Amino acid sequence: PPPPFRKPQVPLPGRAPTSGQPSRAFPASRPAPAGGTRPSPASGTRRARSGNRCGERARRGPRRGGGQPGVLGGRGPRPSGVPTPGRWPPESPSPSALPAGTETSSPPQPRGWGWTPGSQGGGAGGSNFTVLSVESKDSCPAPPSRPTPPTSHPGKDTVIVAKVNGKELQGKPTFKWIKGKWLELGSKSGARFTFKESHDPASNVRTLWGRGGMGARAGGCTGPASQKAYCLRRDCGPGKDDDDLGIPPEVWELLKGAKKSEYERIAFQYGITDLRGMLKRLKKAKVEVKKSAAFTKKLDPAYQVDKGNKIKLVVEISDPDLPLKWFKNGQEIKPSSKYVFENVGKKRILTINKCTLADDAAYEVVVKDEKCFTELFVREPPVLIITPLEDQQVFVGDRVEMSVEVSEEGAQVMWMKDGVEMTREDSYKAQYRFKKDGKRHILIYSEVTLEDKGRYRVMTNGGQCEADLIVEEKQLEVLQDIADLTVKASEQAEFKCEVSDEKVTGKWYKNGVEVRPSKRITISHIGRCLGSWFSVAAEPCFLAEPLEGIGRAQLPSLKLPRISALPPEPPKIHLDCSGKTSENAIVVVAGNKLRLDVSITGEPPPVVFSATEGRVRIEQREGSSSFLIESAERGDEGRYTIKVTNPAGEDVASIFLRVVDVPDPPEAVRVTSVGEDWAVLVWEPPKYDGGQPLTGYLLERKKKGSQRWMKLNFEVFTELTYESTNMIEGVLYEMRVFAVNAIGVSQPSVNTKPFMPIAPTSEPQHLMVEDVTDTTTTLKWRPPDKIGAGGIDGYLVEYCVEGSDEWIPANTEPVERCGFTVKNLPTGAKIVFRVVGVNIAGRSQPATLTQPVTIREIVEQPKIRLPRHLRETYVRKVGEHLNLVIPFQGKPRPQVVWTKGGAPVDASRVHVRTSDFDTVFFVREAARSDSGEYELGVQIENMKDTATIRIRVVEKAGPPEHVMVKEVWGTNALVEWQPPKDDGNSEITGYLVQKADKKTMEWFTVYEHNRHTCCTVSDLIMGNEYYFRVYSENFCGLSDLPGVSKNTARIVKTGITFKPFEYKEHDFRMAPKFLTPLPDRVVVAGYAAALNCAVRGHPKPKVVWMKNNMEIREDPKFLMTNYQGVLTLNIRRPSPFDAGTYSCRAVNELGEALAECKLEVRGSGISRPVARPRPSLRLFPRGRQRAPVNTRVSSRPTRGSD
């Protein structure tokens, strides 16, 4: 059940509101209790806040005041006019007046008030609270009491009704339906929400109702409607801020600076009754927005996108290395083709492609422990009605299909009958069902009844349509009357009657008395035939009686004469070929069951003989024979004969059975031509048309490798050639064709061979003539601007003699490079050239020269174009190859001659190759004999051009000569030598000088790149004897062999006396001195503690630790260390009894030093307060030691008292 209503608050007795601040205790339409004031609309009564804190007031208990009536916060009696929770007010519409299958809420009807079901909890199942909200420039009465909260269940609809009294309004108000705090639902009207408005001119009351369908969706889930808040707001003009609660600004400033304990006193002083609202306002004003550490830019509160479009959710984080996850309704989103993740700097982007209604959900981004949220709303496009409903008039028991065609597949539509929605849950009771066929929505009644007549409406979010269904009872008719009958005594008499409705039963009467079945009398009902068999003469009559539930009708009684005996009767076959196209011909659709009942008469009963073909079954009954085919096939078509005989004669009849079927698939389906985005498809009609003329063809295509076929036409296509367009160039496609006749659609044809829409390239660019001779022409061009997906296989060159229309191909195979030389052309002719590009799609448009080319030789003066590096001496090393390429020009082809010193070059060493444009001078391995000046001559007739090339082949130089030690003095030696005889055909660039001791003969470099032929070697060692060697250096490097000195340089020893330096030894001894004193410590009991200090002294002092002037010896509780003068006393798990004064004494032969500190231990035990004086150092000069001191100090740190 919903929570109880909060009683309206009343002011304190005897306390009137402050001037300008009217009481908010009761609405203006009700009298105020004693002690209070009744505010008027003109006194500035403020409108209620949106929501009015109904949920909060309903949940909170009584305030201080003892719960006495008339006291602020007390629970007094309910004022008159406040409706009881859970009851419908008299002004509200009855729930039965609303559409079936909906749940309602009933707000009260105060003047000028709209209302809102809020999102506060408290109701059963998460019900919404119904709260009032109004915006008007006029003064409004106080808010009424809280109405009954509406409840929504999954799969049900929720209807919200509001009434607004417009008598006090100056103009027509405008209404808005709001979801939550900001989302306007006007754009989402349709499949999920429906809003209506009506106006009663007599009472000037406007009634609004909104419906939410298909369950209450919140964040993409189905659940209670409390997950979202819906609001109806009326905007009649500018309104004041609804958050000030009518409190003046100066009072707000006073409250902000006051303590929390003063809030109640200030509220009573200034007549503030809504303490809860005041506290929430103050809390909101004092809350400081906490800056996010992970996000620099969060998601917007909500996003909206049209169905089928894509949307990007962007968030910016502070650290690009932080891990980030996306969630949808609490489920983590994985990357896919629909959800695409992007990282751009510090931005993280989630792209949702092709949004559907399933994407209408709540989204969340998580970075470490921080989150940010948003909500995505997917807006459906308006669904239009293409083909509306049509009125129908049928009979009881007929099959009825009411169809409507809309603009979108899969759209949601609502069916209504006489204003009541038709749902699938009720379809089992009413015997109807819904069907969707693409864009068509169909309502089907298998057997319609009289209760199904009415006015039907189909509603979408883009329109609606209506139609009437009229159902009438069938009028019974007698198709075959009761015939007179004469039979022999003791023989069987049979009476038959056939009526128009096979569901109608009948009663037989004899002389006015009803005849009932017995051993002698048999009554049967087969289809529309009613029969009776008698064994004695009678005068029966027949009365038709319908089946139960179909209706009642009565036929006139049929009387028969008395039965008498007659002679034998010849047999007779009674055929009734319904659906025949010609005499005794029956048409049946392949796959359907065929049953033909043939009545046979005769006396005595005839014998049946049947000549059948195919899969036929014959059933014999008395007086009839049935012809059956369970599932008709194409092979069952033909003529069937039935023959009956008796002693009185025989009768023969034949029936032609025609089986119709869907046609065979079309044949020879193929693609004849393709283009850039089109293809032409041709086919042949099927061999078998199914027995019905073809109405046309349906075509489909798909990409190769895909399983999704796309329809190319929705209306049948009657031709045998079809051009498919809007294809993607370079993609392989397949196509197929269906044949259609009146029976249906054939199986698909065989798929075409995969084909690719490809267009030829554009024409080649910049065609020009590069060279012309007396029989050839060389052309060059650039590739086409547009090549396409088919690429380019090559180019074809064609030429045409001026004055002729015949284009002669110059090449049979396409050339790949953008140049070609056309040969064997007639000299002196004027020829036009053109070039076309060729690919898999064919030839491109040609590129043609604008002017014809005259085929003749052009004389050009010869000229050698000597490269820059050959204009100077060309230097190579011995053994390297010489390869000189020297271009030249001249027409016709010039004569090239190489000479050296006026004589032709040696053909055994030099290889010369000459082309039309250059000449190549090549020597495989160069030798010094190849050095020299070479002359190149290019000559055409009497025109000549020459060039000189200087070549020098070099190698390493020989060793220097006559290396000698000329002079030795002190530790120096002078070395001289002569240049080498062979410089390697290159200038000597320097010398490398090395020395070696005669004892070790290890060579060390003394000088590098020495340009002179002498050098002085210094810093030689006395008493040693040295050899020297010299390498020569040129362009090729150092010589292979050095020149070695013939004599040596001996460094003679001289007398040397070493006199040591006299110095006074420094005295490093010093008395102990503490560099770092012991500080006072306060530690926690049970946790290890350490006391540290540093001491310096030489010799190394002896260290003693004391507690309260008592030396600490071998106590396992204490651990003492000395590391390079840093002293540490570790105390394991000190207790309060370990507190006291600790001192450290350092003693050596020069004196002693003392450091003290106070240790305080705090904990659960008893601790003794210890004074904390400053730490002190006590120094004792030499001769004033208090006790003998052991001056022996270990050089290493030790544990213990040392």
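The values are calculated or read from the model by the stated rules, or taken from the named source; none is laboratory data. Just so we're clear, the structure is a prediction, and the values are computed from it rather than from any experiment. Because the Cβ atoms are built from the backbone with ideal geometry, glycine has one as well, and the counts that use them run over all protein chains shown. Surface accessibility is based on the protein's heavy atoms, side chains included, excluding ligands, DNA and RNA. Shrake-Rupley method; radii C 1.70, N 1.55, O 1.52, S 1.80 Å.
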Which value, in Å² rounded to 10, gives the accessible area of residue 940 with a 1.4 Å probe and all protein chains present?
-> 10
Hey, could you grab the Kirkwood Rh for region 674-714? Inverse mean 1/r over distinct alpha carbon pairs, Å, one decimal.
-> 13.0
What distance in nm separates the simple spin-label points at residue 895 and residue 1117, each placed 7 Å from Cα in the Cβ direction?
-> 12.5
Residues of region 911-929 with amide N under 15 Å of a point placed 7 Å along Cα→Cβ from residue 982 | 927-929
Using θ = phi - 60° and the Karplus form 6.51 cos²θ - 1.76 cosθ + 1.60, what ³J(HN,Hα) does each residue of region 688-697 get, whole Hz, x for Gly and Pro?
-> 10, 8, x, x, 10, x, 6, 9, x, 9
Euclidean distance between Cα centres, region 624-639 to region 1003-1043, Å = 124
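Would you please give the FRET efficiency between residue 680 and residue 472, computed as 1/(1 + (r/R0)^6) with r the Cβ-Cβ distance and R0 = 45 Å, to the nearest 0.05?
0.25
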Phi-based couplings in Hz for region 322-332 (Karplus 6.51, -1.76, 1.60; Gly and Pro marked x) = 6, x, 9, 10, 10, 10, 10, 6, x, 9, 5
With a 1.4 Å probe and every protein chain left in place, tell me how much accessible area residue 633 has, in Å² to the nearest 10.
-> 100
What is the calculated FRET efficiency for residue 827 to residue 762, with r their C-beta to C-beta distance and R₀ = 45 Å, to the nearest 0.05?
-> 0.85
Cut-off under 5 Å, modelled amide H: who pairs with residue 818 long-range = none
Other-chain or far-sequence residues with amide H under 5 Å of residue 302's (modelled H) | 375
Expressed in nm to one decimal, what extension gain is obtained for the pair residue 284 and residue 933 from 0.36 nm per residue of sequence separation less their Cα-Cα distance?
-> 223.5 nm
With each pseudo-label sitting 7 Å past Cα toward Cβ, what's the residue 1076-residue 877 distance in nm, one decimal?
-> 6.7
Given H placed 1.01 Å from N in the peptide plane, which residues other than close sequence neighbours of residue 296 have an amide H under 5 Å from its amide H?
-> 316, 317, 318
What ³J(HN,Hα) values, in whole Hz, does the Karplus curve 6.51 cos²θ - 1.76 cosθ + 1.60 give for region 1128-1141 when θ = phi - 60°, with x put for Gly and Pro?
-> 9, 10, 9, 10, 7, 6, x, 10, x, 6, 7, 6, x, 9
Cross-link partners among lysines for residue 163, C-alpha distance below 30 Å, same-chain residues fewer than 8 apart left out?
-> 7, 137, 172, 176, 179, 181, 188, 196, 228, 240, 417
Measure off 7 Å from each Cα along the Cα-to-Cβ vector at residue 857 and residue 455, then give the distance between these two points in nanometres to one decimal.
-> 10.5
So what's the gap between the Cα centers of region 1050-1092 and region 788-820, to the nearest angstrom?
-> 98
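Can you work out the FRET efficiency for the pair residue 967 and residue 1036, with r the C-beta to C-beta distance and R0 = 45 Å, to the nearest 0.05? Don't skip to the answer; put the middle values down first.
Values: r = 33 Å, r/R0 = 0.74.
With a Förster radius of 45 Å, E is 0.85.
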Rank 321, 997 by accessible area, highest first, at a 1.4 Å probe radius?
-> 321, 997
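Accessible area per residue for region 866-938 in Å², computed with a 1.4 Å probe and the full protein assembly in place, what is it?
58
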Roll a 1.4 Å probe over the protein heavy atoms and report the accessible area of residue 929 in Å², nearest 10.
-> 80
